[in-house]
Amino acid sequence: MSRELFLKSVVRENDSGMTVFGTGTSIVCRDVMESVKTYLPQGHIEPEAMFNLALAGHTLLGFDVVMPLFSTCHEAASMGCSVKWGGPEMMPESGGPIFKTSDDINIPADLLARPGCAVPLKAIAMLRKELGDEAAVCGKVFGSWTQAYHYFGIENFLIKTITEPDEVKRILEKLMPVTIQFAQAQIEAGADCILLGDHATRDLCSPSSYKEFLMDMHAQLADAVKAPLILHICGNTSDRISYISRTGLPCFHWDTKTGSPQEVRNLAGEKLSLMGGISNLRLLNGTPDEIAEMAFSAACADIDIIGPECAIPLTTPLANLKAITSIGRKKRIRRKI
């Protein structure tokens with residue numbers, strides 16, 4: 001039931017009226033690690049540890065989906081970046097830039113066999129075998145815009161968007177095969193859907209830049225990847241949801257900085273599925289009752305999949321995470337806008 005409800009919700013075809021819970025970003029925090037006796041950084045670099053932590057999203061938190069890639073660095077590691085994989089108190093970080101121009105971009109022939117990609121592919125296969133039809137398995141990839149931050153450095157890349165826009169377009173185009181190859185490999189390993197992370201947040205990418213550089217690229221990815229894509233962008237995205245809704249991507253994982261659940265639903269329109277609704281700040285500092293109220297408000301606003309807005313802080317209390325699903329699978333009526 002969980003898998004079917006989740007996948008129908010991703011494409012906005014859940015007509016059952018039943019509430020669906022989940023996220024395409026990391027659910028790992030210290031309390032989850034302690035509960036399953038599995039820790040970071042092993043959860044980033046060992047398939048069995050990755051499997052154990054991801055499975056907790058369903059078995060411990062009650063979400064309808066699991067997602068095993070907990071960092072932004074898997075493609076970067078396989079492309080040749082030096083990655084520090086962090087630990088229980090710190091998320092991974094990639095090292096300095098490895099490219100200066102689009103001509104430097106070289107995608108290794110063994111990209112998918114390198115540990116950065118091979119480890120999550122094995123974990124996804126393990127999750128699919130373990131869960132069967134019980135819960136959905138979501139993979140995760142990063143778009144060219146985010147990858148370029150790793151390979152060129154954030155500041156260097158963003159300067160190019162002003163001084164060398166054609167070069168930026170070449171960079172994005174040359175990196176797109178990394179996203180597609182890794183996404184397709186995850187689908188073949190057993191992923192039902194893929195979260196597409198692209199850090200085109202308002203402070204790093206204006207709405208005009210999104211339209212110029214990313215709107216068509218996201219539309220191409222929606223066509224190229226043979227499973228539903230869930231776009232995730234951090235921060236306030238109220239100025240670009242109208243563009244996102246025209247890409248053909250079926251689902252958008254939104255940040256509560258964008259507005260209330262009802263405001264975001266109004267911005268998204270009737271066609272675009274929405275995931276999120278739970279503030280990370282409230283997850284970190286609030287109470288279970290406050291979290292349950294946020295979940296209920298999201299359900300009332302017809303948010304398709306209710307869960308954290310982004311990767312949760314490592315110090316998030318387990319009681320707050322569990323409170324998301326405490327409202328249960330209440331029947332709700334989809335309201336026309």
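Filter region 1-41 down to the residues that are surrounded by fewer than 20 Cβ atoms within 10 Å (Cβ to Cβ) and assigned to a loop (DSSP other than H, G, I, E, B) and list them by number.
Within region 1-41, MET1, VAL11, ARG12, GLU13, ASP15, SER16, GLY17, MET18, LYS37, TYR39, PRO41 meet the criteria.
Give the residues of region 241-250 that are assigned to a loop (DSSP other than H, G, I, E, B) and either surrounded by fewer than 21 Cβ atoms within 10 Å (Cβ to Cβ) or modelled with pLDDT under 95 (or both), sorted by residue number.
Hits for region 241-250 are SER245, ARG246, GLY248, LEU249, PRO250.
Counting only residues that are in a helix (DSSP H, G or I) and under 19 Å from the mean Cα position of the chain (by Cα), how many does region 53-77 have? Let's see the steps before the verdict.
Just the residues of region 53-77 that are in a helix (DSSP H, G or I), to begin with: 53-59, 74-77.
Filter once more, so that each one left must be under 19 Å from the mean Cα position of the chain (by Cα): 53-58, 74-77.
Counting residues in region 53-77 that are in a helix (DSSP H, G or I) and under 19 Å from the mean Cα position of the chain (by Cα) gives 10.
Please state which one of GLY235, GLY197 is surrounded by 20 or more Cβ atoms within 10 Å (Cβ to Cβ), within 16 Å of the chain's Cα centre (by Cα), among the small types (Gly, Ala, Ser) and under 22 Å from CYS73 (Cβ atoms).
Values: GLY235 fails: surrounded by 20 or more Cβ atoms within 10 Å (Cβ to Cβ).
Criteria check complete, one pass: GLY197.
Among the residues of region 200-232, which ones are surrounded by fewer than 20 Cβ atoms within 10 Å (Cβ to Cβ), part of a helix (DSSP H, G or I) and in contact with a strand residue (DSSP E or B) (Cβ under 9 Å, 6 or more places away or on another chain)?
Within region 200-232, just ALA222 meets the criteria.
Do you know which of the residues in region 286-325 that are over 26 Å from THR72 (Cα atoms) and acidic (Asp, Glu) is surrounded by the most Cβ atoms within 10 Å (Cβ to Cβ)?
That would be ASP302.
Would you say GLY116 is surrounded by 20 or more Cβ atoms within 10 Å (Cβ to Cβ), over 30 Å from THR19 (Cβ atoms) and touching a His at 6+ places or on another chain (Cβ under 9 Å)? Spell out how you get there, then give the answer.
On the way: surrounded by 20 or more Cβ atoms within 10 Å (Cβ to Cβ): yes; over 30 Å from THR19 (Cβ atoms): yes; touching a His at 6+ places or on another chain (Cβ under 9 Å): yes.
Yes: the conditions hold for GLY116.
How many residues does region 102-154 hold that are assigned to a helix (DSSP H, G or I), touching a residue at least 24 places away in the same chain (Cβ under 8 Å) and of a type in the set (Asp, Glu)?
Looking only at that region, the number is 1.
In this structure, is ALA191 modelled with pLDDT of 95 or more, at negative phi and in a loop (DSSP other than H, G, I, E, B)?
Values: modelled with pLDDT of 95 or more: yes; at negative phi: yes; in a loop (DSSP other than H, G, I, E, B): yes.
Criteria met by ALA191.
The values are calculated or read from the model by the stated rules, or taken from the named source; none is laboratory data. Because the structure is a prediction, the values reported are computed rather than measured. Here Cβ is always computed from backbone atoms with ideal geometry, including for glycine, and neighbour counts include all displayed protein chains.
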